Amino acid sequence: ACELGNSWTNEIAGITRLLTAAGSSLCSGSMINNVEEDGRQLFLSADHCGGGNADGWILMFNFQSATCENDEVPSRDQTVQGTRLLSRRGASDFVLLEVAEAIPASYGAYLNGFDATTGNMFDEPLTISHPRGDMKKIGIFGGNSIPSGYFADGDTHWFVAAWDQGMTEGGSSGSPVLDDKRHIRGQLHGGFASCSFPYTDYYGRTSTSWDEGEGDAQNLAPWLDPQGTGQRIVDGIALNEARAK
């Protein structure tokens, strides 16, 4: 609800708080569109959040303040429960789930777009997450994100050196990093960032997760491009709009 978020209201509506079946705060994540734009309820998060045991997870929508002052606790009533594992892989720390319960139209959920092309960097990485399970927060780095390994050499991840406004903390894991074209480029694996130290985050790259694993159970492509069109860039769409097609 702060100035930075004013032009990102659609994308914000696609980010959820992730809870265990018992209601404990776990991670963050994003609804994600697919090439078919058929309204399938696909959800992207981090494998280290426990993707292999995802049955019964709860997604909480719109847990966010109405004002920039964070002066009131929002409703926790907008939830759906039950997730089915589609694919996961540790190398880029992604898990793709399908939400079992129909997401009510009144939630205004948004299926965020993605970019799974390879590249050497992208500009102005932006984060939206639930740090420490708190109300939804947004942050941005005015520089660029570059390929990296996870605290090592390599190119499985995107490295974000710092956050100029906002940041991530524990509980932000699984949340997407978006580029200036409003496409998901990866999901948060980990880093050092916190309110007192806004530096160093690593996001598993969507391009690595796309088709570098073994079979349907380790890749995004079979689920986000089920007809094998080869399309790797998809814009976001409101869930209600996709359902109406």
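The values are calculated or read from the model by the stated rules, or taken from the named source; none is laboratory data. All values derive from a computational prediction rather than experimental measurement. Neighbour counts are summed over all protein chains in view; Cβ atoms, including those assigned to glycine, are modelled from backbone coordinates with ideal geometry. Areas reflect the complete protein model, heavy atoms only, side chains present, ligands, DNA and RNA absent. Shrake-Rupley method; radii C 1.70, N 1.55, O 1.52, S 1.80 Å.
Quick notes
- Reported count of residues in region 118-147, each being polar (S, T, N, Q) and either farther than 18 Å from residue 198 by Cβ or open to solvent by 30 Å² or more (accessible area, probe 1.4 Å) (or both), is 3.
- Single residue of region 93-117 satisfying the filter (buried (at least 16 other Cβ atoms within 10 Å of the Cβ) and among the small types (Gly, Ala, Ser)) that is farthest from residue 15 (Cα to Cα): 116
- Taken over region 75-92, the residue count meeting the criterion of being open to solvent by 20 Å² or more (accessible area, probe 1.4 Å) and either assigned to a loop (DSSP other than H, G, I, E, B) or of a type in the set (Val, Ile, Thr) (or both) is 7.
- Residue ID - nearest to residue 156 (Cα to Cα), chosen from residues in region 43-71 that are of a type in the set (Gly, Ala, Ser), touching a residue at least 60 places away in the same chain (Cβ under 8 Å) and crowded, with 24+ Cβ neighbours inside 10 Å: 46
- The residue list 149, 170, 190, 228 contains one member that is within 17 Å of residue 47 (Cβ to Cβ), more than 16 Å from the chain's Cα centre (by Cα) and not basic (Lys, Arg), which is 149.
- Reported count of residues in region 195-245, each being of a type in the set (Lys, Arg) and open to solvent by less than 40 Å² (accessible area, probe 1.4 Å), is 1.
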